[in-house]
1. Taking the criterion of being among the hydroxyl-bearing types (S, T, Y) and under 15 Å from the mean Cα position of the chain (by Cα), would at least one residue in the stretch 165-181 satisfy it?
2. Among the residues of the stretch 117-127, is any assigned to a loop (DSSP other than H, G, I, E, B) and under 16 Å from D20 (Cα atoms)?
3. Just to be sure I understand, how many residues within the stretch 134-145 are out of contact with any Gly (no Cβ under 9 Å at 6 or more places or on another chain) and either at pLDDT 85 or above or over 27 Å from E181 (Cα atoms) (or both)?
4. Which of the residues that make up the stretch 56-87 are crowded, with 21+ Cβ neighbours inside 10 Å and either over 19 Å from R31 (Cα atoms) or charged (D, E, K, R) (or both)?
5. Confirm whether A168 is in contact with a Phe, Trp or Tyr (Cβ under 9 Å, 6 or more places away or on another chain) and among the small types (G, A, S).
6. Can you pull out the residues in the stretch 24-34 that are surrounded by fewer than 23 Cβ atoms within 10 Å (Cβ to Cβ) and either within 9 Å of the chain's Cα centre (by Cα) or assigned to a loop (DSSP other than H, G, I, E, B) (or both)?
7. Can you tell me which residues in the stretch 177-194 are outside any loop (DSSP other than H, G, I, E, B) and farther than 12 Å from E22 by Cα?
8. Of everything in the stretch 78-125, what is among the charged types (D, E, K, R) and over 28 Å from V176 (Cβ atoms)? Give them in sequence order.
Amino acid sequence: MSGQRCWWCGEDPLYVAYHDHEWGFPVADDRRLFEKLVLEGFQSGLSWLTILRKRENFRRAFAGFEIDTVARFGAADVARLLGDAGIVRHRGKIEAAIANARAARDLIERHGSLAAFVWRFEPPPHERPVRMTRKALAALGSTKHSAALSKALKRAGFGFVGPTTVYAFMQAMGLVNDHVEGCPAGEAARRARAAFVVPQSSSAPA
C-alpha cells in the first residue's frame, strides 16, 4: 500500500494487514461484530496485537463466535476455556463473553440484527474531526457516542463494554474512520462507507 500508513500498526505483518484491510471498514455481519465486542473485552489491560495473535485460537475456542452456540455455553465450557492456553484465561472475561452472546441474541430478536442496534450509534459526520491527525487520534479515548453505546449495551446485559472499549470497537468496525489524514487505508475505508447500506432496526429506539 502506497502512502503514509497510520503509525500505530508498526511493521508487524499481522498488524499491518489488520490496519490495511479491517480497521475502520464498515461491518454489518453480526458474527464479526459480536467477535469484536468480545475480543475488545479480552483486550482490556493488554495490547490489541496480543489479542490479534491469539484471534484464531479464540475463534476455535468460541465456536467461531457463532452467537447462538456461545449463548448455550455452560459450566463445562467455562472450565474448558479456563484450561485453554491459547486464549486469555480470565474467568470474568470468559463468563462475560457467554453472557454477551445471550444479550446479543436478545438484541437480535428485538432489532432484527446486532448490526441494526449498533449502527444507530454512528456519529453524524459533522461531529467528526475534519482532519484526523496523530495528536487528534491520541486524544480520542472515548466519545459521547461510545458512552451512549456502552450504556445501551450494559443495559442490554453486556459486560466489559466500557466507553473506551466500545470506542475501540467503533473504530475497528467502521462506525468511525480514525485513519490519519493521508493514510491510503483511510481513503479505502471512506469509499467502503459511502457504499455501505446501514442496517435498519425493526424496533424503535429504546
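The values are calculated or read from the model by the stated rules, or taken from the named source; none is laboratory data. Predicted, not measured: the structure shown is a model, and the values here were computed from it. Because the Cβ atoms are built from the backbone with ideal geometry, glycine has one as well, and the counts that use them run over all protein chains shown.
1. Of the stretch 165-181, the ones among the hydroxyl-bearing types (S, T, Y) are 165, 167.
Right, trim to under 15 Å from the mean Cα position of the chain (by Cα) and you get 165, 167.
Checking the stretch 165-181: at least one residue is among the hydroxyl-bearing types (S, T, Y) and under 15 Å from the mean Cα position of the chain (by Cα).
2. No, the conditions are met nowhere in the stretch 117-127.
3. Total satisfying the criteria: 3.
4. L81, the sole residue that qualifies.
5. yes
6. F25, P26, V27, A28, D29, R32
7. Listed by number, the residues that qualify are P184, E187, R190, R191, R193, A194.
8. Result: R80, D84, R89, R91, E95.
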